[in-house]
1. For the stretch 39-58, indicate whether the set of residues that are hydrophobic (A, V, I, L, M, F, W, C) and within 11 Å of the chain's Cα centre (by Cα) is non-empty.
2. Report yes if some residue within the stretch 46-59 is touching a Ser or Thr at 6+ places or on another chain (Cβ under 6 Å) and under 28 Å from ILE11 (Cα atoms); otherwise report no.
3. Looking at (1) under 19 Å from LEU128 (Cβ atoms); (2) among the β-branched types (Val, Ile, Thr); (3) touching a Pro at 6+ places or on another chain (Cβ under 6 Å), which is the one condition that is false for ILE30?
4. Out of the residues in the stretch 3-51 that are in a helix (DSSP H, G or I) and polar (S, T, N, Q), state the one that is nearest to LEU125 (Cα to Cα).
5. State all residues of the stretch 72-96 that are over 20 Å from VAL116 (Cβ atoms), touching a residue at least 12 places away in the same chain (Cβ under 8 Å) and not in a loop (DSSP other than H, G, I, E, B); if no residue qualifies, say none.
6. Is it the case that the stretch 118-139 has a residue that's surrounded by 13 or more Cβ atoms within 10 Å (Cβ to Cβ) and at pLDDT below 90?
7. Filter the stretch 21-45 for residues that are in contact (Cβ under 8 Å) with a residue 40 or more places away in the chain and small (Gly, Ala, Ser); which is surrounded by the fewest Cβ atoms within 10 Å (Cβ to Cβ)?
8. When TRP60 is evaluated against the numbered criteria (1) touching a helix residue (DSSP H, G or I) at 6+ places or on another chain (Cβ under 7 Å); (2) of a type in the set (Phe, Trp, Tyr); (3) not in a helix (DSSP H, G or I), which criterion, by number, is the only one it fails?
Amino acid sequence: MKKLLENRFVILLARLVLGVVFILASVDKIASPEAFAVSVDAYRLLPFPTVNIFALLVPWLELLCGVLLLAGYMVRGSSLIATILLCLFTFALLSAMARQLNIDCGCFGGTYRTPVSWTRVGEDLGLLVLALYVYIFSSRELAQNAPATASGPIGSPL
C-alpha cells in the first residue's frame, strides 16, 4: 500500500484530477460573478458586504490552484489552498443541510446546477482526500528527489 501511495504516477494523477476539477469549477464563476454571488448569498453565512468580495476572489483562487496543480508548480502550496477551500465548501454544504436550506450548491457556477446534498458533501470529501494526499506525498516526492548537497557558490567547497 505504501508503494502505491508513494508512486509518482498516482501522485501525478491525483494532482491532475484535482487541478482539472478546480479549473472547471472556476470557469463559469469567473464568467458570471453576479450569479455566483447569488449562490454564495443563498448560504446565508457571510455578511452581505463580503459576499461580492468572496464571489470575485474565490473563483480566481480556484483557477490559480488548478493551473498550478496541472503545471506541477508550487504543488504543496496550491494543494494546501485547495484543502482549505474544500474544508470551507464542505462546511458550507453541511451548514446549509443542517439549516434545511433548499438551495443550489453553486459548486460549478450556473452551468451545473445541483441542490445541496450528501452527494455534494461526498464529492467535496473525496476531493479533500485527494488534496491532502497531494499535499502530503508530493512533499515526500520532492524531498526524495532533492540533491544531497547544495550546489553553486554557497554550497561549493572552498
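1. Within the stretch 39-58 (the criterion being hydrophobic (A, V, I, L, M, F, W, C) and within 11 Å of the chain's Cα centre (by Cα)), the answer is yes, since at least one residue qualifies.
2. Of the stretch 46-59, the ones touching a Ser or Thr at 6+ places or on another chain (Cβ under 6 Å) are 59.
In the following step, the residues that additionally are under 28 Å from ILE11 (Cα atoms) were identified as 59.
The answer is yes; a qualifying residue exists.
3. (1)
4. Here is the first cut: in the stretch 3-51, the ones in a helix (DSSP H, G or I) are 3-5, 8-31, 33-42, 48-51.
Next, from what is left, pick out any that are polar (S, T, N, Q): 26, 39, 50.
Details: SER26: 18, SER39: 20, THR50: 26 Å.
Among them, the one singled out is SER26.
5. Selection gives VAL75, ARG76, SER78, SER79, LEU80, ILE81, ALA82, THR83.
6. Yes, that holds for at least one residue.
7. Step by step, filter the stretch 21-45, then rank; the result is ALA31.
8. Checking TRP60 against (1) touching a helix residue (DSSP H, G or I) at 6+ places or on another chain (Cβ under 7 Å); (2) of a type in the set (Phe, Trp, Tyr); (3) not in a helix (DSSP H, G or I), the one that fails is (3).
The values are calculated or read from the model by the stated rules, or taken from the named source; none is laboratory data. Here the structure is a predicted model, which is why all the values come from computation and not from measurement. Neighbour counts run over all protein chains shown; Cβ positions are idealised from the backbone, glycine included.
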